[in-house]
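Notes to accompany the following structure.
The values are calculated or read from the model by the stated rules, or taken from the named source; none is laboratory data. Bear in mind that the values here come from a model prediction, so they are computed numbers and not experimental data. For neighbour counting, all protein chains shown are included, and Cβ atoms are generated from backbone atoms with ideal geometry for every residue, glycine included.
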Amino acid sequence: MPPQLIFIIPTRTVRLDSSKKIRTVVSGKERVDVLARCLLSLHRWQSRLKYDLKLVFYLSHPQEEKAIIIPLHNLSEKIDDEFEATHLMIHLLSSPEVFNCETQKISFEELLLRTSANSIIYYLTPNGLPFLDVKKELSRSDSLCFVLGSQHDLTPEQESVMYKIGALQISLGQLNYLASHVLTIICHYLFDS
């Protein structure tokens with residue numbers, strides 16, 4: 001079994017029970033487009049990395065508190081651009097089981113505790129150690145998990161959980177990046193190691 005590379009991205013805005021249409025996604029309050037760009041970004045690395053890639057969206061809205069676990073090897077759909085990724089994301093959110101994706105009702109803390117049983121967890125934050133300083137350590141690990149914000153930073157409660165479980169804080173620098181760009185940068189560094 002290949003090593004795992006997991007990205008956990010909490011989002012406060014996305015809800016499973018709301019109706020989503022392709023034309024309202026970008027301007028909509030849920031910002032499904034952010035998740036779609038993350039899916040597209042990671043999908044592009046699927047055949048180039050030695051890892052089994054998983055994308056986990058944690059829906060942290062108080063009425064949700066669910067994780068959607070997307071093993072990228074389960075997605076046989078063609079995803080060449082943002083439109084196709086957004087279309088797939090809308091369908092995936094409405095029927096994850098059709099795509100062999102798992103939805104779990106779980107707290108953020110429990111999700112991280114379960115993940116940390118098999119993976120080293122890194123929290124991407126501007127205040128962390130420079131990514132390049134821990135790059136060698138990353139290449140020696142079998143399973144890695146990176147936690148990053150979507151269109152918002154983690155909440156203070158989520159950050160508290162990160163400290164509680166002992167996640168190593170790492171940084172890509174002082175610039176602010178889109179979540180999809182963060183995925184690309186990390187995959188590039190891991191591919192290059």
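In region 95-109, the count of residues that are at pLDDT 95 or above and either among the small types (Gly, Ala, Ser) or buried (at least 19 other Cβ atoms within 10 Å of the Cβ) (or both) is one or more.
Only a single criterion out of (1) closer than 22 Å to Gly149 by Cβ; (2) aliphatic (A, V, I, L, M); (3) without any contact (Cβ under 8 Å) to a residue 60 or more places away in the chain is not satisfied by Leu93, namely (3). For region 117-133, residues that are at pLDDT 90 or above and more than 18 Å from Phe7 (Cβ to Cβ) total 2. Are any of the residues in region 170-177 surrounded by fewer than 14 Cβ atoms within 10 Å (Cβ to Cβ), among the aliphatic types (A, V, I, L, M) and farther than 29 Å from Leu75 by Cα? Yes: region 170-177 contains one or more residues that are surrounded by fewer than 14 Cβ atoms within 10 Å (Cβ to Cβ), among the aliphatic types (A, V, I, L, M) and farther than 29 Å from Leu75 by Cα.
Only one entry in Val14, Val34 is in a helix (DSSP H, G or I), farther than 21 Å from Leu144 by Cβ and within 14 Å of the chain's Cα centre (by Cα), namely Val34.
Number of residues in region 65-81 that are in a loop (DSSP other than H, G, I, E, B) and surrounded by 18 or more Cβ atoms within 10 Å (Cβ to Cβ): the value is 2.
Please work out which one of (1) touching a strand residue (DSSP E or B) at 6+ places or on another chain (Cβ under 7 Å); (2) under 17 Å from Lys54 (Cα atoms); (3) surrounded by fewer than 17 Cβ atoms within 10 Å (Cβ to Cβ); (4) free of Cβ contacts under 8 Å to residues at least 60 places away in the same chain is the condition Ile185 fails and give its number. Failed condition: (1).
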